[in-house]
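Q: Below: one structure in structure tokens.
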Amino acid sequence: STIPPHFGSSDISTYALQTLELDGYLSFDNNHQAATDFGNRYHSLPLAVLHPKSVADISSMINHIFRMGYASDLTVAARGHGHSIQGQAQAYNGVVISMESFKGTEMKINAGELPYVDVSAGELWINILHETLKQGLAPKSWTDYLHLTVGGTLSNAGISGQAFRHGPQISNVYQLEVVTGKGEVVVCSENQNADLFHAVLGGLGQFGIITRARISLEKAPKMVKWIRVLYSDFSKFTRDQEYLISSNDQFDYIEGFVFINRTGLLNNWRSSFNPKEPLQASKFNSDGKIFFCLEMAKYFNPDEIDFMNKKVESLMSELSYIPSTLFTSEVTYLDFLDRVHVSENKLRAKGLWEVPHPWLNLLIPKSQIHDFAQEVFGNILKDTSNGPIIIYPVNKSKWNNRTSLVTPDEDIFYLVAFLSSAVPSSVGTDGLEHILEQNQRILDYCIDFLPGVKQYLPHYSNQEEWRSHFGPKWQTILQRKSIYDPLAILAPGQRIFQKGIIPFL
Ligand SMILES: Cc1cc2nc3c(=O)[nH]c(=O)nc-3n(C[C@H](O)[C@H](O)[C@H](O)COP(=O)(O)OP(=O)(O)OC[C@H]3O[C@@H](n4cnc5c(N)ncnc54)[C@H](O)[C@@H]3O)c2cc1C
Ligand SMILES: Cc1ccn(-c2ncnc3[nH]cnc23)c1
């Protein structure tokens, strides 16, 4: 048959894609969704999108490209829910694999002694929550937002307010099924093909495509006591956060926010929280200052509410927040975990969801968090913020250092996430250029003065910066790449390796 008109005549290898026997199908047109993501700033159009119906589809696609060697310039990117920020799930002129088409076999819940759920890597966490709750179970470790895929979050870490106790999502995986950059299908775990298991966890899609995951579960609570208090003193705020993550039997979730110049802060909260002492709360005037919000959650079941309230009361008495700012509410476990979806719906209604998201996520060692706060909140950002700023500490002991994830080298480190939304075509302080400049000032300050800081959901533009990001782990990364993806076919959107230019050969 003749080569279809849309093929570049120069690259016969792409034509070869059509010779593949697939259970699913390849699409060569209308692939614009695969060329966009949540960041809304990078748009690399693939040559084709594979909609797999089986692991064999993924394996034969990759093996086919692997066997063509350097005769083909094709690369392959798995795409989960496309909620990356800087094109990490894109493959310019390559093949994007739509993992959401690949539901594989249905979810299988094992409610035994060590409960777990077997899921397709293309499954959304919100769907896992709905299904496991039917059996009174749920995963232990979450992200703040659940409309993300298992493969996407496990390729990064998957972190939220439960991480201080359970570690990130990549610390709560029993087993994975992975298709390597050679097209091999490998089952791996701590005790079987352990190096591949550790490579893909936090591996930024570099070492294999996760097709299935076995996620640990725990008994799910029915209700959550959701608490927020405010501080104007950063030292008291961090001291209380670090105290609360130091023992496991306190709260079940610890996070925090930074509010910069948020006029009418109190009223924004009134809508979703009942002020503990309404009269007192109305005296509090937050206008014109920086405030730090400590957010806690205590899981409970309806028959334990009195015991829980007593426990919370005694815990709160040990904290040094501004008394009139105690806000609490009681919600279902599902509503608490799906809380960011509420913000999404509000932003979508205002046409503010599909906008550029120049996010910056940093992991900051405890020893440097005060200098960071002083310079970034007190100077660089002093009068603006364009979205939530999240800040909370975690315990490194709950993170497995053998994974490909890079974290600061201290027992306690903070996640600080600048989740900005840019107003399209604005040239003001809410515009993309202004926010990118601010992000760069923050990064430059860290590079110059806070060497222990690492990016989470990292984005760099060249291999030298990646080498510096990985630090002593770089040799392990090179070795793993040479074993599991020697032609550097996988996840080109991360910009760590370039097909054909392999630093380890
Ligand atoms: C609104 C919002 C809130 C967020 N909140 C949090 C949070 O609280 N905590 C947190 O940790 N993160 C958070 N994130 C970041 C999120 O975890 C990452 O962006 C994640 O990668 C998105 O998942 P995804 O399924 O969209 O992945 P995609 O963006 O589709 O892919 C991400 C990367 O993983 C690779 N990949 C995807 N699927 C697979 C697979 N099956 N096998 C191998 N590689 C794969 C892709 O090639 C790409 O490199 C948030 C993101 C958004 C948009
Ligand atoms: C784009 C957007 C709107 C709200 N958010 C969030 N709000 C609160 N916590 C979050 N964690 C991650 N995204 C979050 C993110």
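Q: How high is the relative contact order of the chain? Use alpha-carbon pairs under 8 Å, at least six apart in sequence, and give a whole percent. Could the numbers behind the result be given before it?
A: On the way: 1075 pairs, mean separation 82.9, N = 505.
Taking the mean separation of contacting Cα pairs over the length of the chain, I get 16 percent.
Q: Ok, one more. Which net charge results for the neighbourhood of Ser426, defined as the other residues with beta-carbon distances under 14 angstrom from its beta-carbon, given Lys and Arg at +1 and Asp and Glu at -1?
A: Net charge around Ser426: -3.
Q: Where the only charges are on Cβ atoms (+1 Lys, Arg; -1 Asp, Glu), what is the dipole of the stretch 426-505 about its Cα centre, to the nearest 20 debye? Before the final figure, lay out the partial values.
A: On the way: 8 positive and 8 negative charges, 112 e Å.
Charge dipole of the stretch 426-505: 540 debye, to the nearest 20.
Q: Per-residue counts of other Cβ atoms within 10 Å, averaged by peptide: what ranking do you get for 384-391, 452-459, highest first?
A: The peptides rank, most packed first, as 384-391, 452-459.
Q: What FRET efficiency comes out for Asp371 versus Asn110 if R0 is 51 angstrom and r is the Cβ-Cβ distance? Round to the nearest 0.05. Walk me through the intermediate numbers first.
A: Details: r = 47 Å, r/R0 = 0.92.
Result of the calculation: an efficiency of 0.60.
Q: Quick check: the distance between the Cα centres of the stretch 46-93 and the stretch 305-360, to the nearest angstrom?
A: Value for the Cα centre distance between the two parts: 38 Å.
Q: List the pairs from Lys225/Lys289; Lys225/Lys454; Lys53/Lys481; Lys53/Lys346; Lys225/Lys398; Lys140/Lys366 whose alpha-carbon separation is above 31 Å, in the order I gave them. List each step's numbers first, then the result.
A: Numbers: Lys225/Lys289 28 Å; Lys225/Lys454 33 Å; Lys53/Lys481 27 Å; Lys53/Lys346 35 Å; Lys225/Lys398 24 Å; Lys140/Lys366 25 Å.
Among Lys225/Lys289; Lys225/Lys454; Lys53/Lys481; Lys53/Lys346; Lys225/Lys398; Lys140/Lys366, the Cα-Cα distance tops 31 Å for Lys225/Lys454; Lys53/Lys346.
Q: Taking the Cβ-Cβ separation of Arg441 and Glu218 as r and a Förster radius of 45 Å, what is the calculated FRET efficiency to the nearest 0.05? Walk me through the numbers before you get to the answer.
A: Numbers: r = 42 Å, r/R0 = 0.93.
Once rounded, the FRET efficiency stands at 0.60.
Q: Placing +1 on the Cβ of each Lys and Arg and -1 on the Cβ of each Asp and Glu in the chain, which of Ile390, Met68, Thr407 has its Cα farthest towards the positive end of the resulting dipole?
A: The residue sitting farthest along the positive end of the dipole is Ile390.
Q: Same structure, new question: Per-residue counts of other Cβ atoms within 10 Å, averaged by peptide: what ranking do you get for 421-430, 118-127, highest first?
A: Values: 421-430: 14.2, 118-127: 22.1.
In decreasing order of mean packing, 421-430, 118-127 become 118-127, 421-430.
Q: Hey, any idea what the orientation-averaged projected area of the convex hull of the stretch 304-408's Cα atoms comes to, in nm²?
A: 11.0
Q: Ok, one more. Contour minus end-to-end for Tyr25 and Tyr70, with contour as 0.36 nm per residue of separation and end-to-end as the Cα-Cα distance? Write out the running numbers ahead of the final one.
A: Details: separation 45, 0.36 × 45 = 16.20 nm, distance 2.45 nm.
Separation in residues times 0.36 nm, less the Cα-Cα distance, equals 13.8 nm.
Q: Give the peptides 368-380, 135-147, 437-449, 199-211 in descending order of average Cβ contacts within 10 Å, highest first. Walk me through the numbers on the way to the answer.
A: Numbers: 368-380: 16.8, 135-147: 20.1, 437-449: 14.8, 199-211: 26.4.
Highest to lowest by the protection proxy: 199-211, 135-147, 368-380, 437-449.
Q: Give me the angle, in degrees from 0 to 90, between the Cα long axis of helix 234-244 and the longest principal axis of the Cα atoms of the chain, rounded to the nearest 10.
A: The helix 234-244 is inclined about 70 degrees to the chain.
Q: Oh, and also: Suppose every K and R has +1 on its Cβ and every D and E has -1 on its Cβ; what is the size of the dipole of the stretch 290-331 about the Cα centre, in Debye to the nearest 20? Please list the in-between numbers first.
A: Values: 3 positive and 7 negative charges, 28 e Å.
Here the size comes out at about 140 debye.
Q: Tell me what the chain gives for mean residue ellipticity at 222 nm when only DSSP H runs of n ≥ 4 count, each as -39,500 (n - 2.57), the sum divided by the residue total, rounded to 500 deg cm²/dmol. Let's see the in-between values first.
A: Numbers: 16 runs with 140 residues, N = 505.
Result for the chain: -7500 deg cm²/dmol, rounded to the nearest 500.
Q: May I ask for the angle, rounded to the nearest 10°, between helix 339-349 and the longest principal axis of the chain, with both axes built from Cα atoms and the value confined to 0 to 90°?
A: Its long axis makes an angle of about 80 degrees.
Q: Which value, in debye to the nearest 20, gives the size of the charge dipole of the chain about its Cα centre, when Lys and Arg are +1 and Asp and Glu are -1 at the Cβ?
A: On the way: 43 positive and 52 negative charges, 36 e Å.
So the dipole magnitude of the chain works out to roughly 180 debye.
Q: Okay, next question. How far apart, in nm, are two points set 7 Å out from the Cα along the Cα-to-Cβ line at Asn193 and at Arg239?
A: 5.1
Q: Right, here's the next one. First obtain the Kirkwood hydrodynamic radius of the chain from its Cα pairs, then insert it into the Stokes-Einstein equation at 25 °C and 0.890 mPa s, and state the resulting D in µm² per second as a whole number.
A: Details: Rh = 23.9 Å.
Once the numbers are plugged in, D ends up at 103 µm²/s.
Q: Tell me, what is a quarter of the convex hull surface for the C-alpha atoms of the stretch 394-468, in nm² with one decimal? Please report the intermediate quantities before stating the final value.
A: Numbers: hull surface 25.2 nm².
One quarter of the hull surface, i.e. the mean projection, equals 6.3 nm².
Q: How many angstrom lie between the C-alpha centres of the stretch 237-259 and the stretch 435-501?
A: 30
Q: Please state the equivalent ellipsoid semi-axes for the stretch 369-422: what are the square roots of 5 times the Cα gyration tensor eigenvalues, largest first, in whole Å?
A: Details: eigenvalues 137, 38, 14 Å².
The equivalent ellipsoid of the stretch 369-422 has semi-axes of 26, 14, 8 Å.
Q: For helix 305-317, report the angle its Cα long axis makes with the longest principal axis of the Cα atoms of the chain; keep it between 0 and 90° and round to the nearest 10°.
A: Tilt of helix 305-317: around 80 degrees.
Every read-out reported here was derived from the displayed coordinates using simple, explicitly stated rules and does not represent laboratory data. None of these values were measured; they are calculated from a predicted model. Here Cβ is always computed from backbone atoms with ideal geometry, including for glycine, and neighbour counts include all displayed protein chains.
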